[in-house]
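The values are calculated or read from the model by the stated rules, or taken from the named source; none is laboratory data. As the structure is a prediction and not an experimental result, all values here were calculated from the model. Counting neighbours? That spans all protein chains shown, and the Cβs are built from the backbone with ideal geometry, glycine included.
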Amino acid sequence: MNRHRLLSAVLMLAAAAVACPSVASAQVTQLAGGYFVGSFPTGDWGKIAGFGFGVDGTDIVRPKPNKAFSIRSSLGLLYNFSRTADVPSGNLGPNDKLSIETKNWSVLFGVGPELSAPNKSVTPFIYGTAGFDTYWTHSELAGTANGAPYSAQHGDSRITFAWSAGLGVRRHVTKGELVELSAEYRSGLVHDYLLPADVHVTGGGVQAERSRRSSDQIVVRIGTLLGD
């Protein structure tokens with residue numbers, strides 16, 4: 001009899017051990033989807049970088065249903081279209097003309113908390129992330145200096161810490177499908193690039209040196225999410 005009771009107890013414990021992870025995982029809800037991304041450079045980066053366009057994949061995990069807290073992660077690819085900015089005439093000689101052409105590829109990643117109003121047909125939310133930005137920046141200074149053609153490359157390639165803070169709204173369109181519109185302020189902390197004001201032409205030649213700055217932008221996303 002004792003053996004039967006012991007066997008029954010072991011089977012009950014084994015069943016409980018199997019059931020507990022299933023119950024815990026059943027409590028987690030998840031949304032995943034893809035977005036089109038528009039980038040509007042600001043600050044110093046906005047003086048030379050053009051409008052950016054790209055794609056993004058985002059995953060939102062809510063550890064407990066019907067609660068405001070979620071974990072949001074995203075990974076995106078962005079291209080800033082070519083833009084040309086003229087060097088100020090006060091930095092040049094009377095017959096000089098120089099311009100900086102800039103274009104850039106970036107990979108953006110971030111993970112962090114999101115707070116939202118759960119169980120709503122229209123759900124507002126706020127979030128913040130920490131992660132990294134990568135830059136592959138082509139920057140060419142070209143034109144005429146001291147009466148002669150001039151061209152020099154001032155590009156930069158690097159990976160740097162980045163953070164963001166944003167807000168948005170999600171709306172159910174069908175069961176298990178939502179559309180989302182969001183906007184965030186994003187800053188990559190270290191990026192070396194040349195501004196028009198950094199360029200000076202003297203009798204000795206062209207003086208131009210990249211400076212270390214942040215790359216700031218407003219990122220707008222619109223896309224579709226699938227999940228619970």
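Data table
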read-out: Looking only at the range 198-209, and only at residues there that are touching a strand residue (DSSP E or B) at 6+ places or on another chain (Cβ under 6 Å) and touching a residue at least 60 places away in the same chain (Cβ under 8 Å), the one that is surrounded by the most Cβ atoms within 10 Å (Cβ to Cβ); value: V199
read-out: Failed criterion for P113 (all others in (1) under 30 Å from H172 (Cβ atoms); (2) surrounded by 14 or more Cβ atoms within 10 Å (Cβ to Cβ) hold); value: (2)
read-out: Residues satisfying the stated conditions in the range 28-72, i.e. of a type in the set (G, A, S), assigned to a strand (DSSP E or B) and closer than 21 Å to Y135 by Cβ; value: G38, S39, G52, G54, G57
read-out: Spans of strands (runs of 3 or more DSSP E) in the range 134-194 with at least 1 residues farther than 30 Å from V87 by Cα; value: 156-174, 177-193
read-out: Pick from the range 184-197, criterion surrounded by 16 or more Cβ atoms within 10 Å (Cβ to Cβ) and in contact with a helix residue (DSSP H, G or I) (Cβ under 9 Å, 6 or more places away or on another chain), ranking: nearest to S73 (Cα to Cα); value: G188
read-out: Residues located in the range 142-184, provided they are more than 24 Å from L115 (Cα to Cα), out of contact with any Pro (no Cβ under 9 Å at 6 or more places or on another chain) and of a type in the set (A, V, I, L, M); value: A145, A148, A152, I159
read-out: Selection count, the range 210-225, where residues are at pLDDT below 95 and either surrounded by 15 or more Cβ atoms within 10 Å (Cβ to Cβ) or among the hydrophobic types (A, V, I, L, M, F, W, C) (or both); value: 1
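Here's the yes/no breakdown for (1) of a type outside the set (A, V, I, L, M, F, W, C); (2) out of contact with any strand residue (DSSP E or B) (no Cβ under 9 Å at 6 or more places or on another chain); (3) surrounded by fewer than 16 Cβ atoms within 10 Å (Cβ to Cβ); (4) farther than 30 Å from T29 by Cα:
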{"site": "K64", "(1), (2), (3), (4)": "yes, no, yes, no"}
{"site": "R72", "(1), (2), (3), (4)": "yes, no, no, no"}
{"site": "L77", "(1), (2), (3), (4)": "no, no, yes, no"}
{"site": "V87", "(1), (2), (3), (4)": "no, no, no, yes"}
{"site": "T102", "(1), (2), (3), (4)": "yes, no, no, yes"}
{"site": "N119", "(1), (2), (3), (4)": "yes, yes, yes, no"}
{"site": "T129", "(1), (2), (3), (4)": "yes, no, no, no"}
{"site": "P149", "(1), (2), (3), (4)": "yes, no, yes, yes"}
{"site": "W163", "(1), (2), (3), (4)": "no, no, no, no"}
